[in-house]
1. How long is the gain from E18 to R176 if the chain were fully straight, where each residue apart is worth 0.36 nm and the alpha carbon distance is subtracted?
2. Add +1 for every Lys or Arg and -1 for every Asp or Glu among the other residues with Cβ under 13 Å from the Cβ of F172, and state the total.
3. I27's amide H: which non-local residues (gap 5+, or another chain) put their own amide H closer than 5 Å, with H modeled 1.01 Å from N in plane and none for Pro or chain starts?
4. Determine ³J(HN,Hα), in whole Hz, for all residues of segment 99-107 in sequence, where each value follows from phi through the Karplus function 6.51 cos²θ - 1.76 cosθ + 1.60 and θ = phi - 60°; x replaces Gly and Pro.
5. Using modelled backbone amide H atoms (1.01 Å from N, in-plane), which distant-in-sequence or interchain residues come within less than 5 Å of G77's amide H?
6. Once amide H atoms are placed 1.01 Å from N in the peptide plane, what residues at a sequence separation of 5 or more from Y101, or on another chain, have their amide H within under 5 Å of its amide H?
7. With a 1.4 Å probe and all protein chains left in place, how much of the accessible area of the chain comes from carbon and sulfur atoms, in whole percent?
8. Among the lysines, select those whose C-alpha is under 30 Å from the C-alpha of K99, and discard any that sit fewer than 8 residues away in the same chain.
Amino acid sequence: MTRVLIVDDHILVRTGIERMLSETEGIEVIGQASDGEEAVQKSRELLPDIVLMDVKMPGIGGVEATRKITRTNPSIGVIGLTASGDETFVQRLLQAGAKGYLTKGTSYEEVVRAIRLVSAGQFYVDPTLASGMLVRDPQNNNPFSQLSDREMQVTLMIVNCQKVQEIADSLFVSPRTINTYRYRIFEKLAVRNDVELTHLAMRHKLVDVTD
């Protein structure tokens, strides 16, 4: 039996995935989490075989949660799940230790196939994303690719309307440190404020405008 933990900040998404998987032979949903911090905690407590991880969430986010989970227990297979198929997210999630990546438009059959393959020790990337990665622009025209992992994490928290103090509390650093990251991000991306940063993120699909 493959034990699955579902992580998403939308309860309807979590419930829908659990209902779908509950009818699948050989798969058991053992829990849900609504953010990255809870995902890390429940992964330690429940020891799932697979974590279906929403990438874009409040708090530390899916990439950092994946890094913490796989660093503590490399045997857990994390599969990223998001509405965006942006290659920047795919690369960062895989670098953080994930073993698979799916978009939320993926069919039920593909979700089950990914769970079974990753549970068996293989890697799985949504076929549409995999083909896109193969033909991507070698010059990489996505400006966010130049950000470090921490800068990317702070960027996602900013564009999800989190205040400096909230970000600092989540990352256990000072507000001054977060502001230093902000100015560095602004300089690299040639934006002047949080609004311009958010618009740029929307253009490059780092923000799920349908949320």
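The values are calculated or read from the model by the stated rules, or taken from the named source; none is laboratory data. If you're wondering where the values come from, they're calculated on a predicted model, not measured in any experiment. Every residue, glycine among them, receives a Cβ derived from its backbone with ideal geometry; neighbour counts consider all protein chains shown. What goes into the accessible areas is simple: the full protein's heavy atoms, side chains included, and nothing from ligands, DNA or RNA. Shrake-Rupley method; radii C 1.70, N 1.55, O 1.52, S 1.80 Å.
1. Numbers: separation 158, 0.36 × 158 = 56.88 nm, distance 4.09 nm.
52.8 nm is the gain from fully extending E18 to R176.
2. Numbers: positive: K68, R150; negative: E37, E64, E166, D169.
With Lys, Arg at +1 and Asp, Glu at -1, the net is -2.
3. Close amide H contacts, sequence-distant or interchain: T2.
4. Using θ = phi - 60°, the values come out as 10, x, 8, 10, 9, 6, x, 5, 6 Hz.
5. I50, V51
6. Distant-sequence amide H within range of Y101: G80, Y124, V125, D126.
7. Details: 5390 of 10450 Å².
Carbon plus sulfur share of accessible area: 52 percent.
8. Within the straight-line cut-off, K99 pairs with K42, K56, K68, K188, K205.
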